[in-house]
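Working notes, beginning with the structure itself.
The values are calculated or read from the model by the stated rules, or taken from the named source; none is laboratory data. All values derive from a computational prediction rather than experimental measurement. Cβ: placed from backbone, ideal geometry, glycine included. Neighbour counts: every protein chain shown. All accessible areas refer to the heavy atoms of the entire protein, side chains included, with ligands and DNA or RNA removed. Shrake-Rupley method; radii C 1.70, N 1.55, O 1.52, S 1.80 Å.
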Amino acid sequence: MTKTDTAPVNASVESPQAGLAEGSGNVVDISAAHRDSNLDEILDELDRELVGLKPVKAYIRQIASLLLVARLREKVGLDTERPTLHMCFTGHPGTGKTTVAMRMAKILQHLGYLRRGHLVIATRDDLVGQYVGHTAPKTKEILKKAMGGVLFIDEAYYLYRPENERDYGQEAIEMLLQVMENQREDLVVVLAGYQERMNTFFQYNPGFRSRIAHHISFPDYTLEELTAIAELMLQQQNYLFDDGARRAFGEYLELRRKQPHFANARSVRNAIDRIKLRQANRLVEEGGCVAKEQLLRISESDVRRSRVFKGGLEMELEEAAACSESEERRGGAS
């Protein structure tokens, strides 16, 4: 299913004189241009949204600096080739790849490299058809939606199935490569997925590798970072751990990370949702009058009632069925 996120249009470096020092056409005020671009505001927002990921955030800052300086070079009359902006994000699920893509779209829009600054998320199902003549219109529709912004293709390696001669993914790949080359001034493509699978995908599709300038690896979160993510999620929803619950959640994470289908921040979010269900059920069973503090507080028992502490899997039956169905769909013939 396709998802579109639109970044609001804010101040950008639009004036031909923005960043130019008064009285000289050969001097630029980088500090003024940086301030006028609102880059710090966007990057600070990224820091607030995502815990950890220091290497990723540092690389995004470097890209932002490159783009800002390229704009200033243009303003003083220096021939400047447009930077290649297509990217590849690799890492396990739940490591912030989609959020970083959203922020990157805003940065590119602020600096005038994209006219809309929105994000369109797509998978193989959105691009590849199931019969002759079905793939081209599907891919064209997604590209049309993404123009002027960023197209984020999750698990991009599923576009290519060399074991299936009747697969139509190659048609979508050829269309994407053509647009990435011929319309690169109006569209940025971000491919995302597991590192090893993306490496194999590039080996079979060298045209993608040659068009992508930025390869960013997203590390798994540490135990401390996962705990901080949980605390932040609870704070945003007006909940809080008591001391016992905090210790229990740390133990929960130690166990959950060793189980299948662990997805970093995504799994933390799912765990928080289940903890809230158990807290609500406990309060209703206890009945009577409760203070505001009790509605806020997550207790140790709310955490320890998880099946993980009994050696079970922390996955609802619906989630397990969805995972199985997804794997069958990706592994079957189109």
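Name the residues in the range 157-169 that are among the basic types (Lys, Arg) and open to solvent by less than 80 Å² (accessible area, probe 1.4 Å), would you?
Within the range 157-169, just Arg161 meets the criteria.
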So in the range 175-186, with the set limited to residues that are open to solvent by less than 100 Å² (accessible area, probe 1.4 Å) and in a helix (DSSP H, G or I), which one is nearest to Tyr204 (Cα to Cα)?
Leu177
Failed condition for Thr90, given (1) under 26 Å from Arg269 (Cα atoms); (2) assigned to a loop (DSSP other than H, G, I, E, B); (3) not charged (D, E, K, R), with all others met?
(2)
On the given criteria, is Lys276 of a type in the set (D, E, K, R) and in a loop (DSSP other than H, G, I, E, B)?
no
Can you tell me how many residues within the range 160-169 are modelled with pLDDT under 80 and among the basic types (Lys, Arg)?
1
Matching residues in the range 93-110 - criterion: being in a loop (DSSP other than H, G, I, E, B) and either buried (at least 22 other Cβ atoms within 10 Å of the Cβ) or of a type in the set (Gly, Ala, Ser) (or both)
Gly94, Thr95, Gly96
So Leu127 fits all but one of (1) touching a strand residue (DSSP E or B) at 6+ places or on another chain (Cβ under 8 Å); (2) modelled with pLDDT under 90; what number is the exception?
(2)
Please enumerate the residues belonging to the range 254-295 that are open to solvent by less than 50 Å² (accessible area, probe 1.4 Å) and more than 22 Å from the chain's Cα centre (by Cα).
Arg256, Gln259, Arg274, Ile275, Lys276, Arg278, Gln279, Ala280, Arg282, Leu283, Gly287
Residues in the range 112-136 that are outside any loop (DSSP other than H, G, I, E, B) and either open to solvent by less than 10 Å² (accessible area, probe 1.4 Å) or farther than 19 Å from Gly169 by Cβ (or both): how many?
6
List the pairs whose first member sits in the range 137-152 and is open to solvent by 10 Å² or more (accessible area, probe 1.4 Å), whose second member is aliphatic (A, V, I, L, M) and part of a helix (DSSP H, G or I), and whose Cβ atoms are under 7 Å apart, counting only residues at least 6 apart or on separate chains?
Lys138/Leu127; Leu143/Val179
Can you tell me which residue is most open to solvent (accessible area, probe 1.4 Å) among those in the range 70-92 that are more than 21 Å from Ile212 (Cβ to Cβ) and out of contact with any Gly (no Cβ under 7 Å at 6 or more places or on another chain)?
Asp79
Quick one: how many residues across the range 15-39 are modelled with pLDDT under 85 and either among the hydrophobic types (A, V, I, L, M, F, W, C) or not in a loop (DSSP other than H, G, I, E, B) (or both)?
11
Test Gly148 against the criterion of being more than 30 Å from Arg269 (Cα to Cα) and not β-branched (Val, Ile, Thr), and give yes or no.
yes
For the range 191-203, indicate whether the set of residues that are in contact with a strand residue (DSSP E or B) (Cβ under 9 Å, 6 or more places away or on another chain), within 30 Å of Glu254 (Cα to Cα), touching a residue at least 60 places away in the same chain (Cβ under 8 Å) and surrounded by fewer than 19 Cβ atoms within 10 Å (Cβ to Cβ) is non-empty.
yes
Conditions (1) of a type in the set (Gly, Ala, Ser); (2) modelled with pLDDT of 95 or more; (3) loosely packed, with under 14 Cβ neighbours inside 10 Å: number failed by Ala230
(3)
Within the range 210-225, is even one residue surrounded by fewer than 18 Cβ atoms within 10 Å (Cβ to Cβ), assigned to a helix (DSSP H, G or I), free of Cβ contacts under 8 Å to residues at least 40 places away in the same chain and basic (Lys, Arg)?
no
Taking Ala172 as the residue in question, decide whether it is modelled with pLDDT of 90 or more, open to solvent by less than 10 Å² (accessible area, probe 1.4 Å) and touching a Ser or Thr at 6+ places or on another chain (Cβ under 9 Å).
yes
